Each structure stands twice: as C-alpha cells, then as structure tokens.
Amino acid sequence: MGNLNNVPRLRFPEFEGEWEIMPLIHFSENGFSNGAFNDPKKVGSGYRIINVKDMYIDGTINIENLTRVALDENEFQKNRVEYGDLFFTRSSLVKEGIAYSNVNLNRVDDLTYDGHLIRMRPNQKITSPTFLYYCFSTSTARTQFIQRGKTTTMTTIGQEDIASVEISFPTLPEQSKIANFLTAVDDKLSQLKKKKSLLKEYKKGVMQKIFSQELRFKDENGEEFPKWEEKKLGEIGKFSAGGDLDKLDYQKEQNGKYIYPIFANGAGAGLYGFASTFQYKSNCVTVSGRGNLGYANARTQSFNAIVRLIVIEPKNYINSKFLEEAINNTNFAIESTGVPQLTVPQISTYKISIPCLPEQTKIANFLSAIDDKISQCSVQIEKMEGWKKGLLQRMFV
C-alpha cells in the first residue's frame, strides 16, 4: 500500500488510501453568509433563532433551548436555516474562542440565525455536515481558525478566513461512518449527563421532603423516631476559621510526606494542596465563608483549612454527613457592604432542626447512596469525555 502520510491513526478497517486536502469553500453549496442583526425589541415571539450561545453547548444545536424573534417574511427567507447548516462565531474576547462552531441537525422550518454568526451550507453530495462538525473540534482545524483571527479590542474572523481553512477528508462513506460513530458516543454522553442531572434533581426533591419532615425514617423495629429539636448551629459543635497558608509546610502534589489535604473556600472539594501535618481530625464539617457562601463539606480524613474557611467540629450526637446536608439546605442571607462573606459569629446564630443520632445516620446513609451514584456518573462522564478527545485526535488527520 506504500507510505501514506495523510491518513488517520485510527481508522475503520474497510477504508484505505490517503485523505484529500481541500479548503472549506470546496464543501460549501453556496458560499458563506452572515446572519441578520436582530432588534432586541422583537425578541420573544416568531421564528426560533440560533445565537452565539448555541455554539458553546454540549452537543449539536438543540431547538428546545432557542429563543424566538419577530422577522418579516422576506428577512426570514433570506436567513432561513436548513438541516445540516453549520455556524461559526464571528468574534471573541479571547483569540482561542474564535470561530467556535455547531451544526443544525433539526428538521424544522422556522429557524433563523443571528448576525454574530457566519453560516456555511455544506454540499451534502460530497460531505457529511456532522463529519465537518466533529472535524472543526479537532486541534488541527482549531489552530487554523485561531491563526486567521484578527485581534484589536476583540478577535474577529471573516467569511474568507473561514473559507480558506484547509481540512483533510476521506470519501463520503467514510465520513458518514466516522460521523455516525462519534454521534453514538455523544448520545451515550448525553444519556450519562441526563442521568446525573436527574439524580441531582431527585436528591434535591428528597432533601426538601426530609428537612421539612414530610418524609421520616423509622427505627429498626419500625417505630417512629423522636421529634426533631431546633438548635442554633453554634450549639452543635466547636467553630473555628482557617488560618494562613504560610504557616503550613505544604506542596501542591500529594506524596509520602505531604499527605494531609488543605482545603479553601469555594464550591466542590476546595482542595488547594497537601501538608505534612494536620490541624483538624476527620468528621469535621467545613463551610465556605467566601465565594460560594454556605457550601458545606463533611471531611472524611484529617485535614487543614485556610483563607478563613469555617470549620465545625460536631458534638458526639451529630452525624457530620447529616450536618453537611442540613447546612446545604439552609439559606444564608448575607448582608455586607464589602465582599460578601459568612463569618463564624454569623453562621453560629442560624437554627436548624435536628433528629436523634440514629435517624441522622439513616438520613446520611440514604443521601450518601445518592451521592455515590452521582459520583459514579461523573467518573463515567469524565472517562468517556477523555476517550472521545482521544478519538478526535486519532480519527482525523
């Protein structure tokens, strides 16, 4: 077969031979065009319109999320969107964000597009629009778009710049096979993301019922647990605030010496690095006092806290996971003239209702089981996204 240079590293076995190289204009049915700039006063009714924000979503253009705009018939017909139309952003605040693209795979007849977008209508006799959509996601195509961007106060790109970008492409049957395969991968990713979203909504609904006491657990004999008691947060444990980073012997990566995590304010784990010693034992609860105010985490290992991260060491009748969920179910009304923050004196005055420890434990275990399923989805999504990224690098030239 000889020495082939213009072939992908990963290929379906029934195909062979080098891919061709052509500028994008070769694949266009009637060139490139800009959409019409819309009067904000006309937004709200009429035709569905594809906007810049629809270029940055996961997956292809979703008509369910589109806004509507009122246009006269002539203007609509001039900018009517068809199945397979591809769109590119014309400008970006950062050069790396130029010419982000998406494809319309919806078979509806009331779509138009915004003036901040450039449209390409592919000639579907020689190319698969979905193949082009995935091709534009690869580093090779992205590099060419970025190089063609012109920067002043913003980075912009024109029709001719996009039209001149060169891509490598195989025969239409191979394009279609690649597109169908990657679409199946995206469908699986969408299913996982939907499952994760539904689990999070389910947990949110269940928490509302638990903390309103509409849903109660029973003891091992099927009997009711005692009534919940209302307490100030300051009564259920010892409160302190995280200190300064420079007082710790630490580094960013974990190794044999630096094993104790350092947590700071913010959503998620808030992991900053690792220290050689620890300040707090496991089963404490941290609460973000800055940034994502009031976000609680039950800590399952010894740790350190910095940047005024609030730490609660619960009393022995408090389950730390239950306390995490109870705090996350609390609305903190923060009044501040400067940077919004939640302090130990402020949080200590808030009241929560607390059941007995056995019921706390049942609640904690139940919610932890949902958290585990959400985490499993997150891991699967991360792995599949990494796998897809690798596919894009190897299935295109």
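Pairs are defined by a Cβ separation below 6 Å, a sequence spacing of at least 6 or placement on different chains, a first member in the stretch 136-164 that is closer than 24 Å to residue 60 by Cα, and a second member that is of a type in the set (Phe, Trp, Tyr); the pairs so defined are 138/396; 159/32; 162/88; 163/32. Do we find that residue 233 is in the same structural domain as residue 373 (by TED's automatic domain parsing) and touching a helix residue (DSSP H, G or I) at 6+ places or on another chain (Cβ under 7 Å) in this structure? The answer is no for residue 233. Within the stretch 250-265, residues that are more than 19 Å from residue 311 (Cα to Cα) have Cβ atoms under 6 Å from residues that are surrounded by fewer than 19 Cβ atoms within 10 Å (Cβ to Cβ) in these pairs: 257/276; 258/251; 258/276, counting only partners at least 6 apart in sequence or on another chain. Filtering the stretch 358-392 to residues that are aliphatic (A, V, I, L, M) and surrounded by 13 or more Cβ atoms within 10 Å (Cβ to Cβ) leaves 363, 364, 367, 370, 374, 381, 384, 391, 392. Screening the candidates 352, 327, 334, 347 for the property of being over 18 Å from residue 205 (Cβ atoms), part of a strand (DSSP E or B) and not acidic (Asp, Glu) yields one hit, 352.
Only one of the numbered conditions (1) closer than 27 Å to residue 84 by Cβ; (2) in contact (Cβ under 8 Å) with a residue 12 or more places away in the chain is violated by residue 195, and that is (1). Of the residues in the stretch 169-182, at least one is part of a loop (DSSP other than H, G, I, E, B) and hydroxyl-bearing (Ser, Thr, Tyr). Residue 323 meets the conditions (1) touching a residue at least 24 places away in the same chain (Cβ under 8 Å); (2) surrounded by fewer than 24 Cβ atoms within 10 Å (Cβ to Cβ) in every case but one. The failed one is (2).
For residue 99, indicate whether it is outside any loop (DSSP other than H, G, I, E, B), among the small types (Gly, Ala, Ser), at pLDDT below 95 and under 28 Å from the mean Cα position of the chain (by Cα). Spell out the reasoning first.
Values: outside any loop (DSSP other than H, G, I, E, B): no; among the small types (Gly, Ala, Ser): yes; at pLDDT below 95: yes; under 28 Å from the mean Cα position of the chain (by Cα): yes.
No.
Applying the selection to the stretch 304-324, what residues are closer than 30 Å to residue 251 by Cβ and either of a type in the set (S, T, N, Q) or assigned to a helix (DSSP H, G or I) (or both)? 304, 320, 321, 324 - these are the residues of the stretch 304-324 that are closer than 30 Å to residue 251 by Cβ and either of a type in the set (S, T, N, Q) or assigned to a helix (DSSP H, G or I) (or both).
The values are calculated or read from the model by the stated rules, or taken from the named source; none is laboratory data. Keep in mind it's a predicted model, so treat the numbers as computed, not measured. Cβ sites come from the backbone with ideal geometry, for glycine too, and all protein chains shown count toward neighbours.
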